[in-house]
Every structure is written in structure tokens, then in C-alpha cells.
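Written below as C-alpha cells is the structure these notes are about.
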Amino acid sequence: MTCGAMLYGAPATASTPVLAWEGARRLGVQCLVDPDRLPDRRRLQAALCNRVVALAADKAPIPVVLLAPGDPGLIAADTAVLLFHANVQSGGEATGGPLLVFSLRAFRATAAPSELFGAAPRATALPPGLPSGGGPTAQFDAALNAALAETLPWRSRPAP
């Protein structure tokens, strides 16, 4: 790429693969939902994490598994970890209910850090009925799919 192309924002023709994925044989998913005083936080966390696993596994070339806190798979040499961190905030009149703000980031204990940031944080209405039996909404799935497309190499969008 020439210096002029860099200055004027022309897209790069090639990119360096993210080292966190080199040699990974499985993807572990770990989730954290805050605040910890949230009623039914553990059930909400489990419901959201199950949805992350399901959507991340779509067309995945490696197995996608849920990793509990303290699971040795978090630091296994063959495992890349997808960290899902969410926070429930009161929404008020502007959103019509609680707001779920979340971010995704890949982590690999055995790889040198190759990215400083993960997918851009996303905000969506908290899916109604979660965690007590309701399901994810199209709005939540769209936000999660967009974040996965920024994070997982098999879900990446081609460069324009």
C-alpha cells in the first residue's frame, strides 16, 4: 500500500491474521453479566451465554463450547476464548425498558496479544422474558451477529 493510499483511506488489499486463532482447535465461550445484584442474574447470564454459543457455532470450523468460570479450558493451548461481557442498565422512557450493553473479545492465553480491542460495544433492549423463559429477540440476535462478524474469522465480512 502506498503512503497516499494510507492517507486517503483506501482499503488495504491484505490483512494479517489475528494470532489468537492460529492453531485453535476449539472456541470456548465465557460470559459475565453485571451488575451482580441484578435479580436472576445467573439465569440471565446462562440464557445469554447459550445464545452466544449457538450463534458463534453457526458455520464454525471448530467446536464451540461453553466454559464455566475456572474451567482449565480457559488457558488450554488449543482453545481460543470468546469473552461476552454484558451490563443491564435501566432504560427509562427513551428505550421503553432495560438496556443490555455488551461487548465481545477474543482471548488466547498462549498467544501473544495481537489485538487491543474487540468488537465495538453494542446496546439493545433486554430481550423480554429473559431469563425466566422468554427467548432472544431479532434485535438482540442482529446486534450479537454484528459483533460476531467483527470478532470471529469465519463470520468476518469481506472488505469493501
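A short reminder: the numbers here are calculations on the coordinates, not readings from a lab. Here the structure is a predicted model, which is why all the values come from computation and not from measurement. Cβ: placed from backbone, ideal geometry, glycine included. Neighbour counts: every protein chain shown.
Other residues within the sphere of radius under 15 Å centred on the Cβ of Pro63, judged by their own Cβ, net out at 0 (K and R +1, D and E -1). With each label modelled as a point 7 angstrom along the Cα→C-beta vector, the Ala46-Asp58 pair spans 2.5 nm. How much net charge surrounds Ser103 when only other residues with a Cβ under 11 Å from its Cβ are counted (Lys, Arg +1; Asp, Glu -1)? Net of charged neighbours comes to +1. Computed from the C-beta positions of Ala149 and Val65 and an R0 of 25 Å, the FRET efficiency is 0.75 to the nearest 0.05.
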